[in-house]
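Okay, structure first, notes after.
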Amino acid sequence: MSSVKLHPETLALHGGYRADPTTGAVAVPIYQTTSYQFRDTEHAANLFALKELGNIYTRIMNPTTDALEQRLAAMEGGVAALAIASGQAASTFAVLNLCQAGDNFVTSTDLYGGTWNLFANTFKQMGIEARFADPQDPQSFAKLTDAKTRCYYAETLPNPKLEVFPIREVADIGRKLGVPLIVDNTAAPMICRPLDHGAAIVMYSATKYIGGHGNSIGGVIIDGGNFDWAADKARFPLLNEPDPSYHGAVWTEAAKSLGPIAYILRARVTLLRDIGAALSPFNAFLLLQGLETLPLRLQRHCDNAAKVADVLKAHSKVARVIYPGLMSGEAKRRADAYLAKGRYGALVGFEVKGGVASGQKFINALKLLYHVANIGDARSLAIHPASTTHSQLSAEDQATTGVTPGYVRLAIGLEHPDDILADITQALGQV
Ligand code: PLP
């Protein structure tokens, strides 16, 4: 089925799969198998030599996972995708596919804590330097770029600040300097398509809105196919120099007959092969179930969040509401430029008057909202970062990341908005 002209809402249901060729099954089957019978030795040899594409071993590819990958790539406007074990694995692979010891990359400071640790500590131990740039100042990315800079990295809608990243501005700077922008779009699927704004690679923690039901960990990297890796061969040696782990394959050459997929091909056949962070076929199936209703769910998530933000704004116990739709100036301009009209995501931050004690009181008084360290569940979730996710930071560092003592993060779910509001209002009443 040609999926090129279909809308994302349709692709969520039809992309990458049309009835199982053997059984006619309409739902994507769970191919719970480790390996695949080769037709003969020539077939096997061709698969290993990448002369023919096909299934070898589930650590590297699987038909259930393949349907998920094709669907996500089509929805995002990319050329191919790699689904793997977690969002953390996706960020790791996205960068490691371009950087080796001695290299650097420039990243926005506004990151998920797990990504920050990976970049600032684990990559450092591997000899890869993360250079932190201020997302409010796109030129800071250019200033930190040198001949060893392999990519830029940012999140579309980072929490707790919820200030939308200047995707086009930084992507354009990167394209002038020959540096691709990788965007973590975890908090903004459907409402932002970073590839349309110049990003080269998009990644997700599929654990969140894509799965959408809080039952599976997974991640995905989508190759936009819009970056010429061979234009500056010295900048991307991993894609342009013979790979000793694959009989000297040069990935930009090897991918030529397959389309502009050198980046994602290498990630699969070297990083996934060697590091082994494979997604289980069962989780791929669950993520597919989530994906099928993602377009509808995101609308409801966003509509509910907008209602919550409005009520909080008018509440006497709330000092401040952090929500893109209520921002002003440049932050609001970016939210409107990069997010779908009137849809500002499902995350709402607010500061309860009275500091840490009030934030904790609010959380403890909730009856419907779950108190968990997660976002993107169908159920509404809440957390008080100062006493949990950010408790190891000094008060000063907390403030830099946007966490004030009374800050509460809400990930608004799909319940009836009146029920969500009733719970939030009663909990505020007890503060
Ligand atoms: N990126 C963002 C923006 C996240 O919020 C998270 C998890 O919270 C991750 C990446 C990591 O994803 P996972 O938990 O699936 O490994």
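The values are calculated or read from the model by the stated rules, or taken from the named source; none is laboratory data. The structure presented is a predicted model; accordingly, all values stated were derived computationally and were not measured. Don't worry about glycine lacking a Cβ; one is built from the backbone with ideal geometry, like all the others, and counts go over all protein chains shown.
Worth pointing out:
- For the stretch 248-276, a residue qualifies if it is surrounded by fewer than 17 Cβ atoms within 10 Å (Cβ to Cβ) and of a type in the set (A, V, I, L, M), and the qualifying residues are L258, I275.
- Residue check, L258 away from the ligand (no atom under 16 Å from the Cβ) and touching a Lys or Arg at 6+ places or on another chain (Cβ under 9 Å): no
- Some residue of the stretch 220-232 being under 21 Å from L296 (Cα atoms) and touching a residue at least 24 places away in the same chain (Cβ under 8 Å): yes
- Each residue in the stretch 400-422 was checked for being assigned to a helix (DSSP H, G or I) and within 15 Å of K307 (Cβ to Cβ), and 6 pass.
- Positions within the stretch 383-399 being touching a residue at least 24 places away in the same chain (Cβ under 8 Å) and in a helix (DSSP H, G or I), in sequence order: P385, A386, S387
- Just so you know, in the stretch 127-169 the residues that are within 15 Å of the ligand (Cβ to nearest atom) and among the polar types (S, T, N, Q) include one that is modelled with the highest pLDDT, and it is T156.
- Filtered by the rule that a residue be among the hydrophobic types (A, V, I, L, M, F, W, C), within 17 Å of D110 (Cβ to Cβ) and within 16 Å of the ligand (Cβ to nearest atom), the stretch 369-410 gives I375, V403.
- Pairing residues of the stretch 312-340 that are under 17 Å from T425 (Cα atoms) with residues that are assigned to a helix (DSSP H, G or I) and of a type in the set (S, T, Y), at Cβ distances under 9 Å and at least 6 apart in sequence or on separate chains, gives H315/T425; K317/S358.
- Neighbours by Cβ (under 9 Å, 6+ apart or cross-chain): first from the stretch 253-282, on the phi > 0 side of the Ramachandran plot and assigned by TED's automatic domain parsing to the domain that holds A81; second part of a loop (DSSP other than H, G, I, E, B) and of a type outside the set (A, V, I, L, M): G259/G225; G276/R59
Okay, residues lined up against (1) farther than 23 Å from I210 by Cα; (2) of a type in the set (D, E):
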site: L11; (1), (2): no, no
site: A19; (1), (2): no, no
site: G24; (1), (2): yes, no
site: Y31; (1), (2): no, no
site: E52; (1), (2): yes, yes
site: Y57; (1), (2): yes, no
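- Within the set T122, T109, T156, the sole residue that is surrounded by fewer than 24 Cβ atoms within 10 Å (Cβ to Cβ), more than 21 Å from A277 (Cβ to Cβ) and touching a helix residue (DSSP H, G or I) at 6+ places or on another chain (Cβ under 9 Å) turns out to be T109.
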